[in-house]
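The values are calculated or read from the model by the stated rules, or taken from the named source; none is laboratory data. Note that the structure is predicted; figures quoted are calculated from it, not measured. Every residue, glycine among them, receives a Cβ derived from its backbone with ideal geometry; neighbour counts consider all protein chains shown. In case anyone asks, the SASA skips ligands and DNA or RNA and just uses the protein heavy atoms, side chains included. Shrake-Rupley method; radii C 1.70, N 1.55, O 1.52, S 1.80 Å.
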Amino acid sequence: MDDGDHPFVKHLSYVFYAQAKISKADQIQRGFVTNVLIPQPDMAIEVFNRVEAGITVSPDTPRNVLKYFRQL
């Protein structure tokens, strides 16, 4: 990801697939309530598609995440 791909990204960056995890909706909601997770604007579909494509390409994506993703 590069500066301009999303307002949150300020410099050349990357997705750290090795730390991808599956969370239950109530855990995510709790993160919003406690300000551990801060909502950000949606990213452009082109950027999202690049991030999404990386899930299956990265050798670092945890197996359980890859299995879950492929079932979607």
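Summary of values
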item	result
Failed item, numbered, when Pro39 is tested on (1) in contact (Cβ under 8 Å) with a residue 12 or more places away in the chain; (2) under 13 Å from the mean Cα position of the chain (by Cα)	(1)
Any hit, the stretch 39-56, residues being modelled with pLDDT of 95 or more and loosely packed, with under 10 Cβ neighbours inside 10 Å	no
Matching residues in the stretch 4-38 - criterion: being surrounded by 10 or more Cβ atoms within 10 Å (Cβ to Cβ), within 20 Å of Phe69 (Cα to Cα) and aliphatic (A, V, I, L, M)	Val15, Ala18, Ala20, Ile22, Ile28
Pair list, Cβ < 9 Å and 6+ apart or interchain, from the stretch 8-27 residues that are touching a residue at least 40 places away in the same chain (Cβ under 8 Å) to residues that are loosely packed, with under 10 Cβ neighbours inside 10 Å and among the aliphatic types (A, V, I, L, M)	Tyr17/Val57
Number of the condition not met by Asp60 [criteria: (1) assigned to a loop (DSSP other than H, G, I, E, B); (2) modelled with pLDDT under 90; (3) open to solvent by less than 100 Å² (accessible area, probe 1.4 Å)]	(2)
